[in-house]
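All remarks here apply to the structure that follows.
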Amino acid sequence: MSEGTHEAALYFWAIGDMHYRAMPAWHEVHEQRLQLMFVDLRALWQEEGEPAFCAAPGDLVETCAPANYELARTCLTRELGDIPFYPGVGNHEFHGPDGEDPATMLETFHHFWQQPPRYSWQVGGITCIMLDYPDPHMLQDPAYVYVSRETLAFLDETLMASRGKPAAIFFHAPLRNTVLDRDPHVGRDYNSMQNFFSPENSQAVRDILARHDRTCLFLSGHTHTGWEAPGLVKSEQLGQNTVTFINLMSPWYTGNQGAVRIDKELQTVTYVPDEPDVVVSFAFQIRGEEVLIRAREHHSRRWLKEWRVSIR
């Protein structure tokens, strides 16, 4: 067990966009990538002890087809065993390129995960809040994303009800001006300065975080950000709080020059790696007035970096 793990008020793991898809050619490549992560995690958890839970804030599936959910649930149940798993809604949970009915998309999410789109839970004296990504079909322009009034109210009310407790918030997209591009002249990464990749009303979220004591973590994915991008882990002073924003990257692919290429017949998937080609997820230990954040690279089975941030 690593130093301090047994003293942690809360030890949990968070994983970025996984994009399960029940297409044989896709799954063949995808499973190879994610197995690097899960094999390493199981070995690591035998050494350090199991986390209290794992969370993934959205884009667990590539499209909202029930077959993709079934595959994701089957694989994650097998890999995580008895570790509680908390999923979130991302833009791909609303992605229905094969004619899926938009009216049933959130019903499918609830059916497979047995969770509403937004919810909260308490563990180890910590409040955890999973916020929902907005349905693009309900936006005036899907390229301009807004956190809904209902979701803002839920965040405000949940933080008010758990006043005095440290809070970790999960939302699919980063807030504006957090994680940035590794090379904006080339455009290596989707990032929080772009429309669609961060909410237009990010300031409204910040205003809520500033009103509530001990809000300490804001975890997001969405951008598939590459390693060492500026602002990958970034702390801000909001009111009396030091809030640390973490972009969880993606164990599937990173960078917007990478990703996958699929032939027209949907029979061949070609994987184009980013540089560096990493498979990363994040561990969190909250103890006392400090949070230890660690980035784990699963291909090499080593820790890439750690950050220690305060809870104020």
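Read the figures in this text as sums done on the coordinates, not as results from a lab. Since the model is a prediction, treat every value here as computed from it, not as a measurement. Note: ideal-geometry Cβ built from the backbone for every residue, glycine included; neighbour counts use all protein chains shown.
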Open item on the list: List the GluC sites (Glu not before Pro) within the range 225-283 that DSSP assigns to loop and that have no more than 13 neighbouring Cβ atoms inside 10 Å.
Closed with: GLU228, GLU265
- [ ] Write down the percent of antiparallel bridges among all DSSP beta bridges whose residues are both part of the range 9-310, to the nearest 5.
- [x] 65
Task: MRE, 222 nm, helices only [DSSP H, n ≥ 4, -39500 (n - 2.57), over the chain, to nearest 500] - done: -7500 deg cm²/dmol
- [ ] Bin width 10 Å, alpha-carbon pairs only: give the P(r) of the range 174-261 as whole percents, running from 0 to the bin holding the largest distance.
- [x] 18, 48, 25, 8, 1
TODO: Compare the Cα positions of ALA55, ALA161, ILE262 along the charge dipole of the range 9-310 (+1 at Cβ of Lys, Arg; -1 at Cβ of Asp, Glu; about the Cα centre) and return the one farthest towards the positive end.
DONE: ALA161
Task: Karplus-derived HN-Hα couplings along the range 266-271 (A = 6.51, B = -1.76, C = 1.60, θ = phi - 60°), whole Hz, x at Gly and Pro - done: 6, 9, 10, 10, 10, 8
Task: Zero-based 5 Å bins, Cα pair distances in the range 186-312, whole percents - done: 2, 10, 17, 19, 17, 15, 9, 6, 3, 2, 1, 0
Open item on the list: Quick one: 3J(HN,Hα) in Hz for the range 213-219, Karplus 6.51/-1.76/1.60 with θ = phi - 60°, rounded, Gly and Pro as x.
Closed with: 5, 6, 6, 10, 10, 10, 10
Task: Pairwise centroid distance, computed over Cα atoms, of the range 8-44 with the range 107-134, Å - done: 20
Task: Paired Rg and Dmax values of the chain, which use every Cα atom, in angstrom - done: 18.3, 55
Task: Packing rank of 83-95, 189-201, where each peptide gets the mean count of other beta carbons within 10 Å, highest leading - done: 83-95, 189-201
Task: Rounded FRET efficiency, nearest 0.05, which uses the C-beta distance separating GLU107 from GLU48 and R0 of 41 Å - done: 0.65
Task: Span per principal axis, largest first, for the Cα atoms of the range 119-162 (Å) - done: 40, 16, 11
- [ ] Treating cross-link reach as a plain straight distance, find the lysines whose alpha-carbon is under 23 Å from the alpha-carbon of LYS305, omitting any fewer than eight places away in the same chain.
- [x] LYS234
Open item on the list: In 10 Å bins starting at zero, report the fraction of Cα pairs in the range 68-123 per bin as a rounded %.
Closed with: 20, 52, 25, 4
Task: Rotationally averaged projected area of the range 7-138 (alpha carbon convex hull; nm²) - done: 8.3
